Amino acid sequence: MLEQPSFGRRLRQLRTERGLSQAALAGDGMSTGYLSRLESGARQPSDRAVAHLAGQLGISPSEFEGSRATSLAQILSLSTSLESDETSELLAEAVRSAHGQDPMLRWQALWLLGQWKRRHGDSAGEHGYLQRLVTLSEEIGLAELRARALTQFARSLRVLGEIVPAVEAAAAAHRLAVDHALSSQDRAASLLVLVSVEAEAGRMPDARRHADELTVLVRGRSDTLWAEALWTAGALKVRQGEFAAAEVLFQEALDGFDSRENLTIWLRLRIAMAELHLQKLPPEPDAAQLCIEAAEAALPFARTSALEQSLAALRARLAFHEGRFADARALLERLGRTELRLPYQSRIRLEVLGHQLRILSGEEEEGLAGLQLLAEEAQENSNINLAAEIWRLAAECLMRARGKVRGATGG
């Protein structure tokens, strides 16, 4: 007797292994809706349905037996060779029942699942898998695995705005890489995160020292790691107010990095350059517009919700700088109707922009109160750099608003 939900899981495994869509497997003898309910376990399979599906798959009905379920090793191979949401979901199911199996296979599975969640901008889901990965790495005891797990865990903590534990995890990964003489790749990967979180925590001397170490490590390269290192060093320069030096680093990365190697990194560099032009004093909206247009032209080839939202947020900030406040509000409202897949700092900056618009529309008290709460939240999370940025933007916006009032009164 074939029972649910094991039959549904096995059916989906067999279909996914063959690269078939639900419509292709259902064929003319079954509706895709019924097939979907079978795979989800919502319907018990009839003998006729089992015979039809076995024929479509070219197997014996006995292949649906749960005892023949695909092993973790098989699903890992499938997930590595055929990257898709369906194979990742199968892998997630396999991991849930993989206790007692080879820890190295479980480590690889958790790593792939963390990457899957990251691609979809599911920061909480990624954090959960990486937390388990760190624990498993400690059990296995290999320095390379421990360092790589801690590096990715630190990056996920940073995205969630948990700066203090992110600094601790990144520093631990860096110590492992140095103490165990790990590869330059492992050492540089830990430094990429460490420099960023130290800067966000206001630990600028440490961030500068580690940025210098990172620059030496990637010298002579032109790959993704090199581009990320220049991006990280440039972002540090921005935080120090050295906009010209930051622009040189961003431009060097854009000129020397082939977008075909990693289009997502290339797009992030374009976005970083656009943000730089808006942060300059005075801002350079025309230059920012060119960067945004270049990024949007390439977006269809690397479309993710996080990148789309980053560009929409950037367009809202550009509209604000150009005095197109109605456009900025419309973009913020549109983003507010979606499930945001942005990092913590980007989400906070969107809220900051909303409060700036309130101040400029005459709701000064409410806008300032909102900015104060955001700055205090950032301070409590040890995100010192972000808190200082919010206070600076509040002061600039207040001066701008009161200048408008004086100008209107004087007129």
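The values are calculated or read from the model by the stated rules, or taken from the named source; none is laboratory data. Every value quoted in this text rests on a predicted model; they were computed, and no experiment measured them. Every residue, glycine as well, gets a Cβ built from its backbone with ideal geometry; the counts of neighbours run over all protein chains shown.
Per-residue answers, yes or no, for (1) within 25 Å of SER183 (Cα to Cα); (2) modelled with pLDDT of 95 or more; (3) more than 21 Å from the chain's Cα centre (by Cα):
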{"residue": "ALA229", "(1), (2), (3)": "yes, yes, no"}
{"residue": "THR232", "(1), (2), (3)": "yes, yes, no"}
{"residue": "ALA245", "(1), (2), (3)": "no, yes, yes"}
{"residue": "VAL248", "(1), (2), (3)": "no, yes, yes"}
{"residue": "ARG270", "(1), (2), (3)": "no, yes, no"}
{"residue": "HIS277", "(1), (2), (3)": "no, yes, yes"}
{"residue": "LYS280", "(1), (2), (3)": "no, no, yes"}
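Here is a list: ASP179, ASP223. Which entry is at pLDDT 95 or above and surrounded by fewer than 23 Cβ atoms within 10 Å (Cβ to Cβ)? Quick ask: steps written out before the conclusion?
Details: ASP223 fails: at pLDDT 95 or above.
The conditions single out ASP179.
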GLY41 versus (1) touching a Leu at 6+ places or on another chain (Cβ under 7 Å); (2) at pLDDT below 90: which is the lone unmet condition?
(1)
Helices (runs of 4 or more DSSP H) enclosed by the stretch 259-374 - at least 1 residues per element that are closer than 30 Å to SER222 by Cβ
263-279, 285-298, 305-321, 344-360
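Restricting attention to the stretch 6-26, report how many residues are loosely packed, with under 14 Cβ neighbours inside 10 Å and either without any contact (Cβ under 8 Å) to a residue 40 or more places away in the chain or in contact with a Cys (Cβ under 9 Å, 6 or more places away or on another chain) (or both).
Here is the first cut: in the stretch 6-26, the residues loosely packed, with under 14 Cβ neighbours inside 10 Å are 18-19, 21, 23-24.
Then keep just the ones that are either without any contact (Cβ under 8 Å) to a residue 40 or more places away in the chain or in contact with a Cys (Cβ under 9 Å, 6 or more places away or on another chain) (or both); that gives 18, 21, 23-24.
The number of residues fulfilling the criteria is 4.
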Hey, THR215 under 19 Å from the mean Cα position of the chain (by Cα) and hydroxyl-bearing (Ser, Thr, Tyr) or not:
no
List the residue pairs whose Cβ atoms are under 6 Å apart, where the first residue sits in the stretch 103-126 and is over 15 Å from SER305 (Cα atoms), the second is polar (S, T, N, Q), and the two are 6 or more positions apart or on different chains.
LEU112/SER79; GLU126/SER156
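Looking at GLU198, GLU242, GLU213, can you tell me which residue is among the charged types (D, E, K, R) and either more than 27 Å from PRO165 (Cα to Cα) or assigned by TED's automatic domain parsing to the domain that holds ALA388 (or both)? Let's see the steps before the verdict.
Numbers: GLU198 fails: either more than 27 Å from PRO165 (Cα to Cα) or assigned by TED's automatic domain parsing to the domain that holds ALA388 (or both); GLU213 fails: either more than 27 Å from PRO165 (Cα to Cα) or assigned by TED's automatic domain parsing to the domain that holds ALA388 (or both).
Every option except GLU242 fails the conditions.
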Does VAL405 satisfy being assigned to a helix (DSSP H, G or I), more than 22 Å from ARG270 (Cβ to Cβ), β-branched (Val, Ile, Thr) and modelled with pLDDT of 95 or more?
no
Quick one: is HIS127 in contact with a Leu (Cβ under 8 Å, 6 or more places away or on another chain), outside the structural domain of SER382 (by TED's automatic domain parsing) and farther than 21 Å from MET104 by Cβ?
yes
Do we have any residue at all in the stretch 189-205 that's in a helix (DSSP H, G or I), surrounded by fewer than 23 Cβ atoms within 10 Å (Cβ to Cβ) and more than 19 Å from the chain's Cα centre (by Cα)?
yes
For the stretch 364-379, which positions are among the small types (Gly, Ala, Ser) and modelled with pLDDT under 95?
ALA378
Regarding the stretch 174-194, can at least one residue be identified that is in contact with a Phe, Trp or Tyr (Cβ under 7 Å, 6 or more places away or on another chain) and of a type in the set (Gly, Ala, Ser)?
no
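Out of SER361, SER382, I need the residue that is of a type in the set (Gly, Ala, Ser) and either modelled with pLDDT of 95 or more or under 29 Å from LEU236 (Cα atoms) (or both). Which one?
On the way: SER361 fails: either modelled with pLDDT of 95 or more or under 29 Å from LEU236 (Cα atoms) (or both).
The unique qualifying residue is SER382.
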